[in-house]
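The values are calculated or read from the model by the stated rules, or taken from the named source; none is laboratory data. The structure presented is a predicted model; accordingly, all values stated were derived computationally and were not measured. Glycine also receives a Cβ, built like all others from the backbone with ideal geometry; neighbour counts cover every protein chain displayed. When the accessible area is computed, the model is the full protein with side chains, heavy atoms only, and any ligands, DNA or RNA have been set aside. Shrake-Rupley method; radii C 1.70, N 1.55, O 1.52, S 1.80 Å.
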Amino acid sequence: MAVSRVGIGVLVGCALGAALALSGTLTRLGFPTALPHAAPATTAPAPPAPASARPSLMTGDPALDPAGHSRFAILAQQAGPGVVNVHTSRTVTQAPYQGPLPDIFRDFFGQQPGAPAPRSFTVPSLGSGFLISEDGYIVTNNHVVADVDDIQVTFSDGREAKATIVGQDPKTDIALIRVEGMTGLTPLPLGDSDAILPGDWVVAIGNPFGLDHTVTVGIVSAKGRDIGQGPYDDYIQTDAAINPGNSGGPLLDLQGQVIGINSAINPAANTIGFAVPINLAKTILPQLREKGSVTRGWLGVAVQPITPELAQAFQLDTNDGALVAQVTPGGPADAAGLRRGDVIVRFAGEAIGKMRDLPGVVSRTTVGQEVQIEVIREGRHETLTAKVGELAEEQTRVAAARRAPGGALAFGMRIEDLTPALKQRLGFQGEGALVAEVAPDGPAAPAGIRPGDVVVEVDRKPVKSAAELERALDASGARALLLVRRGENALYVAVDRS
């Protein structure tokens with residue numbers, strides 16, 4: 001789901017318990033505490049049957065227990081003690097107004113001498129979490145606890161305890177916190193998020209709008225959603241109601257096992273929510289518990305998806321795989337012999353069906369491990385061996401897929417030679433030809449070519465000047481495959497002649 005088409009809301013704490021904090025098209029949610037008064041119930045609900053009289057969902061029981069309660073009610077009662085409310089606060093310092101006092105106010109107050117002192121205040125927020133161990137380890141979202149001064153956890157029985165942060169991973173929005181000295185804690189079992197299917201029933205429990213231990217029910221709407229949060233997006237989509245304050249709470253299957261961490265919503269709809277798959281969390285939580293952060297594998301390539309046009313240009317049978325657009329000099333891929341134009345179709349035994357499969361598979365690989373990489377090069381399958389490096393910050397960049405640029409007037413562009421002054425301004429010391437102008441009605445414009453791009457290859461052959469680019473485009477036939485440098489990034493594009 002492209003963020004440009006549908007805004008995605010991510011659940012996070014709100015300033016002063018008043019509003020949702022918006023950031024671009026992404027809204028982080030987690031809700032403060034003020035609530036309207038609820039109307040009193042007219043009749044008292046029937047008391048639940050004793051635990052001994054109710055069958056367990058863990059053993060796959062019928063839809064109703066002898067007392068007439070649904071499977072969802074049984075699950076909520078069993079899982080409820082493992083779900084917690086996460087109350088956070090942070091101190092915000094506001095700089096005072098230091099400009100001249102307007103005349104209308106000076107008449108009443110006079111001009112105040114000296115600069116007033118900064119004002120500090122506390123911003124509270126709410127989120128959710130769930131226990132994963134009897135000794136007090138709790139999973140929640142990173143955005144619930146990021147940059148906070150205090151974390152208080154409230155359990156289903158009303159007990160409260162101060163929590164500390166054990167580890168955080170902003171890239172997957174997962175955090176591990178802990179309360180100490182508590183007894184009688186009930187951890188939730190972790191399930192298998194790979195085993196669920198669209199259409200399976202799921203239950204969300206959390207603290208929406210401060211309404212603690214709210215239970216909502218829905219189905220898995222889809223799997224593997226990319227919502228534009230980062231290179232490791234693999235979200236479960238559900239129509240179970242998720243609202244501000246659900247952030248960090250569990251998404252459960254009908255066996256009462258956690259299969260996701262509720263993290264994001266589409267603010268334009270009330271039936272589109274997203275959860276981090278628990279299998280992804282399983283690979284991260286041991287590192288967070290041990291050292292507080294995550295070490296990821298690094299290959300040292302920039303890759304892009306394979307469009308039908310690129311598949312045809314590279315003479316590929318399918319659009320599967322990740323096209324290598326750039327290789328980091330001195331990186332693991334460079335040392336292994338990967339080249340621009342290689343199509344990675346298998347990494348460490350795992351098939352790469354889509355471009356975004358590769359970052360996840362590489363990141364999960366142990367640093368220092370030697371892996372086999374199967375590539376398609378010039379129509380032939382080859383196997384290379386690479387020693388996985390360590391990802392420091394964000395060394396890899398995923399190039400966006402773009403449809404076709406070109407060169408010369410036939411392709412809707414005006415090109416120039418790269419002078420030393422232009423190279424210095426662009427920060428590019430290689431060879432190629434500069435795209436000086438793009439015709440708005442030519443084929444290069446809708447393809448995504450921009451003024452300032454540098455074309456360095458045509459049909460897999462380097463070009464050193466504008467004249468060479470013109471000749472290469474003239475000889476390219478109906479379609480040209482270009483390698484374009486844009487800033488520090490490189491990407492292949494296939495463009496049809498006008």
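Under a straight-distance cross-link criterion of Cα-Cα below 25 Å, which lysines are reachable from residue 464, leaving out those fewer than 8 residues away in the same chain?
423
Identify all aspartates and glutamates with a Cα-Cα distance to residue 171 below 16 Å; exclude those on the same chain that are fewer than 8 residues away in sequence.
List returned: 147, 226, 233, 234, 357, 390, 393, 394.
Taking every pair of Cα atoms in region 254-399, average 1/r, invert it to obtain the Kirkwood radius, and report Rg/Rh to two decimals.
Result: Rg/Rh = 1.03.
Give the span of region 451-498's Cα atoms along each principal axis, as three whole-Å numbers ordered largest to smallest.
So the extents along the principal axes, rounded to whole Å, are 29, 20, 20.
Stretch residue 461-residue 387 to full length: gain in nm at 0.36 nm per residue minus the Cα-Cα span?
My answer for the length gained is 23.7 nm.
Want the number for residue 283 to residue 195: 0.36 nm per residue separation, take away the alpha-carbon distance, what's left?
30.0 nm
Any idea how far apart residue 211 and residue 409 come out in nm if each label point goes 7 Å out from Cα toward Cβ?
In this crude spin-label approximation the distance works out to 6.8 nm.
Please list 468, 160 in order of solvent-accessible area, largest first, computed with a 1.4 Å probe with all protein chains present.
Ranking 468, 160 by accessible area, largest first, yields 160, 468.
Report residue 383's accessible area, 1.4 Å probe, all protein chains in place, as a number in Å² to the nearest 10.
90
Roughly how much of residue 381 is accessible, in Å² to the nearest 10, using a 1.4 Å probe?
Accessible surface of residue 381 is approximately 120 Å².
Which ³J(HN,Hα) values in Hz, rounded to whole numbers, follow from the phi angles of region 468-485 under the Karplus curve 6.51 cos²θ - 1.76 cosθ + 1.60, where θ = phi - 60° and Gly and Pro get x?
Per residue, the Karplus-derived 3J(HN,Hα) values read 5, 5, 4, 5, 5, 5, 4, 8, 7, x, 6, 9, 10, 9, 10, 10, 10, 9 Hz.
Using a 1.4 Å probe and counting only protein heavy atoms, arrange 138, 376 so the residue with the most accessible area comes first.
Ranked from most to least accessible, the order is 376, 138.
How big is region 285-358 by Rg and Dmax over its Cα atoms, in Å?
Considering region 285-358 through its Cα atoms, Rg and Dmax are 14.8, 48 Å.
Could you name the aspartates and glutamates whose alpha carbon sits less than 13 Å from that of residue 387, not counting residues in the same chain fewer than 8 places away?
Here the aspartates and glutamates satisfying the reach criterion relative to residue 387 are 334, 370.
Put 251, 426 in order of accessible area, largest first, 1.4 Å probe: what do you get?
Output order, biggest surface exposure first: 426, 251.
Label 7 Å along Cα→Cβ of residue 120; region 140-158 residues with amide nitrogen under 17 Å?
Only 147-151 pass the distance filter.
At residue 437 and residue 152, where each label point lies 7 Å from the Cα along Cα→Cβ, what is the point-to-point distance in nanometres?
6.6
Using only the Cα atoms of region 167-208, what semi-axes does the equivalent ellipsoid have when each is the square root of 5 times a gyration tensor eigenvalue? Give whole Å, largest first.
The three semi-axes for region 167-208 are 25, 17, 12 Å.
In region 293-330, which residues have a backbone nitrogen under 17 Å from the label point lying 7 Å from residue 488's Cα in the Cα-to-Cβ direction?
Correct set: 298-303, 325-330.
Report D for region 213-257 in µm² per second (integer): Stokes-Einstein, Kirkwood Rh on Cα pairs, 25 °C, 0.890 mPa s.
Answer from the Stokes-Einstein relation: 206 µm²/s.
Enter the accessible area of residue 364 (Å², nearest 10), with the probe set to 1.4 Å and all protein chains included.
120
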